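Trainee: Encoded as structure tokens, here's the structure I'll be asking about.
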Amino acid sequence: MHIRLVTFLILPVTYSWIQTSNAQFNQRILTLQDAIGIAKEQSPDALNSKQSFRASFWEYRSFKASYLPSLQLNANIPRVQRAITPVTDPVTGEQLFVPQQYISSDAILSLTQKIGFSGGSIFIRSGLEAMYNITDSSVISSFLSTPVNIGLVQPIFQFNPYRWERKIQPIKYSQAKQQYLADVEQISITTTNYFFYLLNAQIELKIAQTNQSNYDTLYRIAQGRFQMGKIAENDLLLLELNYLKAQAAVENANLELGNALFRFKSYLRIKDTVPVVLVPPSGIEFFTVNPDQAVAFAKNNSPVYMDFRKRLTEAERNVHQARLDGRFDAELTAVIGLTKNAETLPDAYKKPLDQQQVSLGISIPIYDWGVARGRIKIAESEEEIVKNSVEQEILDFQQNVYLKVVQFNMQKNQVTIAAKSDTVARKNFEVTKGRYLIGKMNSILDLNNAQIETDNSQKAYYQSLLTFWRSFFELRKLTLYDFQANRPIIFSFEDIRL
């Protein structure tokens, strides 16, 4: 699929500076991979990504649990009533106000199971009711038992949300897992940006300090040559101006370094005050990615495609719901079981009687002035909008993946050229500086230009490193594929610690 080339690039003198500093102070030395590892564990984005997936995990687990049998107990223990209530005389039919005083209790234990494919539910219930009527002279007890009831509630010609949830929820959960992997790669991208921002600030400070030292030396030499009449006054003034600019550049570089260090430590949530020194990436393993294969990996792995599937399925569900809501509806309820009433609790369970109940409720809209038809048309239009949007987004996404691959494949030449340019510019400055020190070059402009080229080449080299690593992680994020190991990036629950 790709050709692997290992190229060890020439590093600038930053290494010697880091080693010297580390020998004198207690410092935290971090490579790019070190920083990414810390960010994946404790950065704000890492913590938020883990919490977001945990929420999706428990949502999916709750969805699956809703299809398991549920056992529930409902009870009123006790219920006391003392009041004057209207009662109909069974003989005369007259309404009489009768004082009542009683204590009642009831409990129902039910086991319910959803029927996902039909949208109905079946249940088994067992219940007991007790009534204690209190009079002036006695307490009369009465019990009603329902040892067992088996029932079915089945909607007919109605929208079945369970059927669609069984399609959508697995897609959402798969999307959540892939999104977590994409978020981890985004953390690598963000960390890379902060890493090179701080690295550039450290390099800018080192360049400024080196320039200040160089121009201090050159200015002192130029003063002696000016007194001897070997250089013109304008060359001396130009060196003095460069020296003053170098002093100001050191102060500005220190300020920028402080800002970059704060942002870097804030993102990685590093709370101590130990100085941080970054080690530039010392070697890059170049390889070439096939654009068509990258697009295929993105189709199979990316959460973006999962989102496309979810949106299309939800739009289809909304159309189906609009076509069924407000139309002919029916619901069948059937219950069979045993029941018995008695004055004592043991008698309430002796020789229970059969109990049957069957009902069919229907709802038929006669005329709704086109409300239902309007809802259907709205849902169909919204479905077409979603289809058109998804189709365009797929094209844009594939084009983005293709361009990222092309950009990544260019980085080998870009980094190599930048490294060679940095070496050449540095050598050119040393030669130019040496010629000026021994008096073989009188023009200070050549020395100034050589210094500018050296600084720019060094910055361009590190910018090329930033572009390479950012392109590397962006490609991983889009495809969720590890092109170095030649395997998909795998999701692991151990990374989440549920």
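Trainee: Tell me, which residue of segment 480-489 that is aliphatic (A, V, I, L, M) and at pLDDT 90 or above is surrounded by the fewest Cβ atoms within 10 Å (Cβ to Cβ)? Explain how you work it out, then say what you get.
Mentor: Here is the first cut: in segment 480-489, the residues aliphatic (A, V, I, L, M) are 480, 485, 489.
Among the residues that remain, those that are also at pLDDT 90 or above are: 480, 489.
On the way: LEU480: 22, ILE489: 18.
Among residues in segment 480-489 that are aliphatic (A, V, I, L, M) and at pLDDT 90 or above, the one surrounded by the fewest Cβ atoms within 10 Å (Cβ to Cβ) is ILE489.
Trainee: Give segment 353-410 a look and list any residue that's charged (D, E, K, R), more than 30 Å from ASN318 (Cα to Cα) and modelled with pLDDT of 90 or more, or say none. Steps first, please.
Mentor: At the first step, the residues of segment 353-410 found to be charged (D, E, K, R) are 354, 368, 373, 375, 377, 380, 382-384, 387, 391, 393, 396, 404.
With more than 30 Å from ASN318 (Cα to Cα) added as a condition, the list becomes 354, 404.
Across segment 353-410, the qualifying residue is only LYS404.
Trainee: Go through (1) loosely packed, with under 15 Cβ neighbours inside 10 Å; (2) assigned to a helix (DSSP H, G or I); (3) of a type in the set (S, T, N, Q) one by one and return the number of the condition THR273 breaks.
Mentor: Here THR273 clears every test but (2).
Trainee: Can you tell me which of GLU391, GLU384, GLU343 is among the charged types (D, E, K, R) and touching a residue at least 60 places away in the same chain (Cβ under 8 Å)?
Mentor: Working: GLU391 fails: touching a residue at least 60 places away in the same chain (Cβ under 8 Å); GLU384 fails: touching a residue at least 60 places away in the same chain (Cβ under 8 Å).
After ruling out the rest, the residue left standing is GLU343.
Trainee: Specify the residue that is nearest to ILE187 (Cα to Cα); the eligible residues are those in segment 29-60 that are among the aliphatic types (A, V, I, L, M) and surrounded by fewer than 16 Cβ atoms within 10 Å (Cβ to Cβ). Give the steps one after another, and end with the answer.
Mentor: Going through segment 29-60, the residues among the aliphatic types (A, V, I, L, M) turn out to be 29-30, 32, 35-36, 38-39, 46-47, 55.
Adding the requirement that they be surrounded by fewer than 16 Cβ atoms within 10 Å (Cβ to Cβ) leaves 29, 47, 55.
Working: ILE29: 20, LEU47: 11, ALA55: 20 Å.
For segment 29-60, the residue satisfying everything is LEU47.
Trainee: Select from segment 206-217 the residues that are surrounded by 20 or more Cβ atoms within 10 Å (Cβ to Cβ) and either in contact (Cβ under 8 Å) with a residue 40 or more places away in the chain or not assigned by TED's automatic domain parsing to the domain that holds VAL277 (or both) and list them in ascending order.
Mentor: ILE207, ALA208, ASN211
Trainee: I would also like to ask the following. Is it true that some residue in segment 176-184 is modelled with pLDDT of 95 or more, in a helix (DSSP H, G or I) and farther than 28 Å from LYS299 by Cα?
Mentor: no
Trainee: Please verify whether segment 231-240 includes one or more residues that are out of contact with any strand residue (DSSP E or B) (no Cβ under 7 Å at 6 or more places or on another chain), of a type in the set (A, V, I, L, M, F, W, C), without any contact (Cβ under 8 Å) to a residue 40 or more places away in the chain and part of a helix (DSSP H, G or I). Give the steps one after another, and end with the answer.
Mentor: Step one: filter segment 231-240 for residues out of contact with any strand residue (DSSP E or B) (no Cβ under 7 Å at 6 or more places or on another chain), giving 231-240.
From what's left, of a type in the set (A, V, I, L, M, F, W, C): 231-232, 236-239.
Still in the list and also without any contact (Cβ under 8 Å) to a residue 40 or more places away in the chain: 232, 236-237.
From the residues that got through so far, the ones that are part of a helix (DSSP H, G or I) too are 236-237.
Yes, that holds for at least one residue.
Trainee: Follow-up. Restricted to segment 254-306, and to residues that are more than 19 Å from ARG476 (Cβ to Cβ) and among the β-branched types (Val, Ile, Thr), which residue is nearest to the chain's Cα centre (by Cα)?
Mentor: Looking at the filtered set, the residue picked out is ILE270.
The values are calculated or read from the model by the stated rules, or taken from the named source; none is laboratory data. This is a predicted model, so every value here is computed, not measured. Glycine gets a Cβ as well: all are built from the backbone with ideal geometry, and neighbour counts include every protein chain shown.
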